[in-house]
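Undergrad: Shown below is the structure under consideration.
The values are calculated or read from the model by the stated rules, or taken from the named source; none is laboratory data. Keep in mind that this is a model prediction, so the values were computed, not measured. Every residue, glycine as well, gets a Cβ built from its backbone with ideal geometry; the counts of neighbours run over all protein chains shown. Calculation scope for accessible area: heavy atoms of the full protein, side chains included, ligands and nucleic acids excluded. Shrake-Rupley method; radii C 1.70, N 1.55, O 1.52, S 1.80 Å.
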Amino acid sequence: PHQPSDKLWPTPLNASDPQLPSLLTEKEVSIPYKSETPLRLNVGDSAHFITHYDTALFARRVEELKSNTLTPLDRVQLLHEQTLLARGGIVPTAILIPLLDAYKNEDTEPVWDMISLAINELKKFIEADAEAEQKLRALAGNLARAQYERLGWEPQPNETESQAKLRTTIISLMVYGEDATVLETAKQTYDTHKLEDLNPELRPLIIGAVVRHYPSEQLITNLIEAYASTSSSDLQQDIASGLTSTKDPAVITRLLSLITDAKTVRPQDATHWFVWLIRNRNGRALTWKWLRDNWGWIETTFGSDKSYDDFPRYAATALVTDEQLQEYKSFFTPLQKEPALTRVISIGISEIEGRIELIKRDSPAVLQALRNL
């Protein structure tokens, strides 16, 4: 048997076939594989590695998925690994599109969480292409439709917590898919209920759908007043989540002005508003400018607080262009001398650089794959 190398960490393979060693102790090992079933590594998803299957073996894994022979854990693992490999540039991101289609009969909540994550991973590639964006929205809606018809909007008697969570994920995808019936149901539900009486699981989705698709100045004013007057922190969070999903630049500007208004938004809640607005593609540029224009307020309010570094950290999770990268460097590099910000700024620069590189590399294939749907 091989002895563990001084320079390599022994890795449990957890392989599906006993021909393979239980522990990988060398940089590489070659073994003839004679089984008729596709090889799988990290069975049970308990080892700390991601498996990169070759094209042929990956195709066989997808066939297993389509034939319903994989366990829920297997299904989560397969999609999660491909999403991480795409994010790391190991496989083309476009691989996620046909893979997602193989999950159209899925009915398990943890797997749907991963499907939603994979769809979110694709969103960064379609911002400048209206046709591809509509294709991605349609893909999300088509994937979720069967479960939406099964679960509906109302909780069922004796349903599990998992079913309730799945309903939220499914309706979220249907809202993203801009299904006309779903949007109209959201509007009717909003109009016929008090905010505090809305299903807490669905309330931020309902508010967000109405804010984006049925906007009015009075609606925004009413929601801001409800936010300021309620004593429920949960309701406040749901209102803020829905409000900050707006598409309207004028509303975004109005919401940004509230962040520094302690009578409306408590300082401890300001980072939530900032994060939601900068991750809103319609609010990204305005929120990024707001951060730089209001850094003095941020420094005064949070300079001695543990949330001080949230602002450069979360800004870095949203910026996507070369221009924004240069602006991030220009603004934050002088602030790296502050010990509380040194590391987070360095990580932020690397994160933005990696995202831009990934978008440039994978966008053409992702857009083409979506157009081909």
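Undergrad: Set the Förster radius R0 to 35 Å, insert the Cβ-Cβ distance between R60 and K360 as r into 1/(1 + (r/R0)^6), and round the FRET efficiency to 0.05.
TA: 0.65
Undergrad: With a cut-off of at most 15 other beta carbons within 10 Å, and DSSP calling the residue loop, which chymotrypsin sites (Phe, Trp or Tyr not before Pro) in region 22-73 qualify? Please list them.
TA: Those satisfying the criteria are Y33, F49.
Undergrad: What lysines sit close enough to K165 to cross-link, taking a C-alpha to C-alpha distance under 29 Å and skipping anything fewer than 8 places away on the same chain?
TA: Hits, sequence-local ones excluded: K66, K104, K123, K124, K135, K187, K194, K247.
Undergrad: Tell me the carbon and sulfur percent of the accessible area for region 1-145, rounded to whole percent, probe radius 1.4 Å.
TA: 55 percent
Undergrad: Separate question: Anyone know which of V43, V62, V175 comes out most mobile in the 10 Å Cα GNM of the chain?
TA: Evaluated over the chain, the most mobile residue of the options is V43.
Undergrad: Using a 1.4 angstrom probe on heavy atoms only, work out the carbon and sulfur share of the accessible area of region 255-314 in %.
TA: Answer for region 255-314: carbon and sulfur cover 47 percent of the accessible area.
Undergrad: Kindly express, to the nearest 10 degrees and within the range 0 to 90, the angle between helix 267-279's C-alpha long axis and the longest C-alpha principal axis of the chain.
TA: 60 degrees
Undergrad: Send over the per residue convex hull volume for the chain, Cα only, as a whole number of Å³. Can you show the working numbers first?
TA: On the way: hull volume 66.0 nm³, N = 373.
Convex hull of Cα atoms, per residue: 177 Å³.
Undergrad: Sticking with this structure for a sec: Which distance in Å, rounded to a whole number, links the C-alpha centroids of region 41-76 and region 217-238?
TA: Between the Cα centres of region 41-76 and region 217-238 lies a distance of 45 Å.
Undergrad: What longest range of the chain stays clear of loop-exposed GluC sites (Glu not before Pro) (DSSP non-H/G/I/E/B, at most 10 other C-beta within 10 angstrom)? Don't jump to the answer; show the numbers that get you there.
TA: On the way: sites that count: E28, E36.
Here the longest run is 37-373.
Undergrad: Still on this model: Determine by what factor the alpha-carbon radius of gyration of region 66-210 differs from 2.2 N^0.38 Å, reporting the quotient.
TA: 1.09
Undergrad: For helix 342-371, report the angle its Cα long axis makes with the longest principal axis of the Cα atoms of the chain; keep it between 0 and 90° and round to the nearest 10°.
TA: 70 degrees
Undergrad: For region 201-258, what is the accessible area per residue in Å², given a 1.4 Å probe and the full set of protein chains?
TA: Ligands and nucleic acids excluded, the figure is 41 Å² per residue.
Undergrad: For L23, enumerate residues with amide H under 5 Å from its amide H, sequence gap 5+ or separate chain, H modeled in the peptide plane.
TA: Those lying under 5 Å, H to H, from L23 are L13.
Undergrad: Which lysines, on any chain, are close to K337 with Cα under 19 Å apart, when same-chain ones fewer than 8 places away are left out?
TA: Filter leaves K306, K329.
Undergrad: From the C-alpha coordinates alone, can you work out the Kirkwood hydrodynamic radius of region 118-164, in Å? Display every interim value, and only then the final one.
TA: Details: mean 1/r = 0.0790 Å⁻¹.
Evaluated on region 118-164, it is 12.7 Å.
Undergrad: Over region 62-195, average the accessible area per residue using a 1.4 Å probe and give it in Å², no decimals.
TA: Each residue of region 62-195 exposes 45 Å² on average to a 1.4 Å probe.
Undergrad: Grab the other residues whose beta carbon is less than 13 angstrom from that of Q236, score K and R as +1, D and E as -1, and report the net. Can you show the working numbers first?
TA: Values: positive: R203, R266; negative: E196, E225, D234, D238, D269.
Once all neighbours under 13 Å are counted, the net charge is -3.
Undergrad: Exactly which trypsin sites (Lys or Arg not before Pro) in region 272-360 are in a DSSP loop and have at most 15 other Cβ atoms within 10 Å?
TA: For trypsin sites (Lys or Arg not before Pro) across region 272-360 that sit outside H, G, I, E and B with at most 15 neighbouring Cβ atoms in 10 Å, the list reads R281, K306.
Undergrad: Sticking with this structure for a sec: If one computes P(r) from the Cα atoms of region 214-373, what percent of pairs lie at distances over 19 Å?
TA: Across region 214-373, Cα pairs with separations above 19 Å total 59 percent.
Undergrad: For region 162-175, in order, what is each residue's ³J(HN,Hα) by Karplus, 6.51 cos²θ - 1.76 cosθ + 1.60 with θ = phi - 60°, in whole Hz (x at glycine and Pro)?
TA: For region 162-175, the Karplus curve yields 4, 5, 5, 5, 5, 4, 4, 5, 5, 5, 4, 5, 5, 5 Hz.
Undergrad: Compute the long axis of helix 217-229 from its Cα atoms, compare it with the longest principal axis of the Cα atoms of the chain, and write down the angle in degrees, 0 to 90, nearest 10.
TA: Tilt relative to the chain: about 90 degrees.
Undergrad: Tell me the relative contact order for region 1-142 as a rounded percent, counting alpha carbon contacts under 8 Å between residues six or more apart. Walk me through the numbers before you get to the answer.
TA: On the way: 120 pairs, mean separation 22.0, N = 142.
The normalised contact order for region 1-142 reaches 16 percent.
Undergrad: For the chain, what is the calculated [θ] at 222 nm in deg cm²/dmol (nearest 500), taking -39500 (n - 2.57) for each run of four or more DSSP H residues and dividing by its residue count?
TA: Numbers: 17 runs with 224 residues, N = 373.
Calculated from helices alone, the mean residue ellipticity at 222 nm is -19000 deg cm²/dmol.
Undergrad: Grab every C-alpha pair in region 1-93, bin the distances at 10 angstrom width from 0 up to the longest one, and report whole percents.
TA: In whole percents, the pair-distance histogram is 14, 44, 34, 7, 0.
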